[in-house]
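Enquirer: Quick one: structure below, then a few questions.
The values are calculated or read from the model by the stated rules, or taken from the named source; none is laboratory data. Since the structure is predicted, the reported quantities are computational estimates derived from the model, not experimental observations. Reconstructed Cβ throughout: ideal geometry from the backbone, glycine too, with neighbour counts over all protein chains shown.
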Amino acid sequence: MNSRPPAQRPSQPLPEPSTIPLNGWHCGHYFYRFRREVMQSGLSLECQKQLEGALGADAELKNERQVSYWVSGHSADFCVMLMDPDPAKVDGVHQRIMAPGLGQFIEPIWSFVSMSEVSEYVPTIERFRDRLIAGGADPESPEVAAKVAAYERRLPMMNEQRLRPEIPDWPAACFYPMNKSRVVGANWFSEPFSARNAMMAEHAQSGIAFAGKVSQLISVGVGLDDWEWMVTLWGRNPEYLREIVYKMRFDKASAKYAEFGPFYVGYRAGAQEILDHCQLV
């Protein structure tokens, strides 16, 4: 009788410990209000310079992607969105804003920590071809071959935009967190992948109508924050943000399975524009 333990398969070497993701970037959304009740007048020049440095003037703090907005409504005065491979650089901007000096006049309202990703619902080349055939296309037709080839060329660029997005220089933006429902009768995570994939394909199709009007980033907060995803929408006009959110809520993936957190809408602005808008200079 052979009593030797079964041979162990050689394992893959573990990556070196690091705060830098193997795929994607760290992402931070930070929302603030000015504590006018403790101000005797507007912000001092020193505090204004501190805000300007945090929002982009200081090279050592500058993230790969960094943009700020003044926020409409009473829930916040301004927000900053940051993306970088290094989480210390992302959080460093927040720490600079809250540091002594300016920090006594700032109240953090809300934040969301996430990472960029390529969703499991982004079709592979094979799944893209299968969708065409399922829609009635002839698998041997030149049209199918041409569409598959075009998708294969686009896919690397599309995935790059999901992982390391270029932020459009558009005036309006909308931010909100979301979960997928786990309630009885509408548990997203108990549905088979094929059903979830079909619902997300419908959801994506609704968004295609807004190409050139709205740009979107979905970053994942699973294991990092209270909500599972953060949705960032940039719009050429705020009207397009209202329209896309309204239209996509009727898709089954949203209407039955989505849970939404607080919504914030902002308008792109640098530090001086934020101070001017908030009447603090």
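Enquirer: Scan the stretch 35-61 for residues that are free of Cβ contacts under 8 Å to residues at least 12 places away in the same chain and either assigned to a strand (DSSP E or B) or closer than 24 Å to residue 24 by Cβ (or both) and jot them down.
Expert: 59, 60
Enquirer: Filter the stretch 201-230 down to the residues that are assigned to a strand (DSSP E or B), in contact with a helix residue (DSSP H, G or I) (Cβ under 9 Å, 6 or more places away or on another chain) and aliphatic (A, V, I, L, M) and list them by number.
Expert: 214, 217, 218
Enquirer: Could I ask something else about it? Condition test on residue 117, is it closer than 30 Å to residue 29 by Cα and charged (D, E, K, R)?
Expert: Numbers: closer than 30 Å to residue 29 by Cα: yes; charged (D, E, K, R): yes.
The answer is yes for residue 117.
Enquirer: Can you name the residue in the stretch 203-252 that is surrounded by fewer than 14 Cβ atoms within 10 Å (Cβ to Cβ) and either hydrophobic (A, V, I, L, M, F, W, C) or in contact (Cβ under 8 Å) with a residue 24 or more places away in the chain (or both) and is also nearest to residue 27 (Cα to Cα) among such residues?
Expert: Ranking the qualifying residues of the stretch 203-252, first place goes to 222.
Enquirer: Sticking with this structure for a sec: Among the residues of the stretch 179-195, is any under 17 Å from the mean Cα position of the chain (by Cα) and either more than 20 Å from residue 239 (Cβ to Cβ) or of a type in the set (Lys, Arg) (or both)? Outline the logic, then answer.
Expert: Kept after step one, since they are under 17 Å from the mean Cα position of the chain (by Cα), are these residues of the stretch 179-195: 179-180.
With either more than 20 Å from residue 239 (Cβ to Cβ) or of a type in the set (Lys, Arg) (or both) added as a condition, the list becomes 179-180.
Yes, that holds for at least one residue.
Enquirer: Could you list all residues from the stretch 63-84 that are surrounded by fewer than 16 Cβ atoms within 10 Å (Cβ to Cβ) and under 18 Å from residue 273 (Cβ atoms)? Outline the logic, then answer.
Expert: Of the residues in the stretch 63-84, the ones surrounded by fewer than 16 Cβ atoms within 10 Å (Cβ to Cβ) are 64, 72-75.
Those that are surrounded by fewer than 16 Cβ atoms within 10 Å (Cβ to Cβ) and under 18 Å from residue 273 (Cβ atoms): 72, 73.
Enquirer: So how many residues does the stretch 62-74 have that are part of a loop (DSSP other than H, G, I, E, B) and either free of Cβ contacts under 8 Å to residues at least 12 places away in the same chain or touching a helix residue (DSSP H, G or I) at 6+ places or on another chain (Cβ under 7 Å) (or both)?
Expert: As a first pass, look at the stretch 62-74 and keep what is part of a loop (DSSP other than H, G, I, E, B): 62-64, 72-74.
Okay, now just the ones that are also either free of Cβ contacts under 8 Å to residues at least 12 places away in the same chain or touching a helix residue (DSSP H, G or I) at 6+ places or on another chain (Cβ under 7 Å) (or both), so 62-63, 74.
Going through the stretch 62-74 one residue at a time, the tally reaches 3.
Enquirer: Would you please list the contacts, defined by Cβ atoms under 8 Å and residues six or more apart or on different chains, that run from a residue in the stretch 152-165 that is touching a residue at least 24 places away in the same chain (Cβ under 8 Å) and surrounded by 15 or more Cβ atoms within 10 Å (Cβ to Cβ) to a residue that is of a type outside the set (Phe, Trp, Tyr) and assigned to a helix (DSSP H, G or I)?
Expert: From residues that are touching a residue at least 24 places away in the same chain (Cβ under 8 Å) and surrounded by 15 or more Cβ atoms within 10 Å (Cβ to Cβ), the pairs are 155/125.
Enquirer: Condition first: closer than 15 Å to residue 201 by Cα and either in contact with a strand residue (DSSP E or B) (Cβ under 6 Å, 6 or more places away or on another chain) or of a type in the set (A, V, I, L, M) (or both). Now tell me which residues in the stretch 126-144 satisfy that.
Expert: Within the stretch 126-144, 132, 133, 134 meet the criteria.
Enquirer: If we scan the stretch 64-78, do we find a residue that is within 30 Å of residue 157 (Cα to Cα), at pLDDT 95 or above and aliphatic (A, V, I, L, M)?
Expert: For the stretch 64-78, residues within 30 Å of residue 157 (Cα to Cα), at pLDDT 95 or above and aliphatic (A, V, I, L, M): present.
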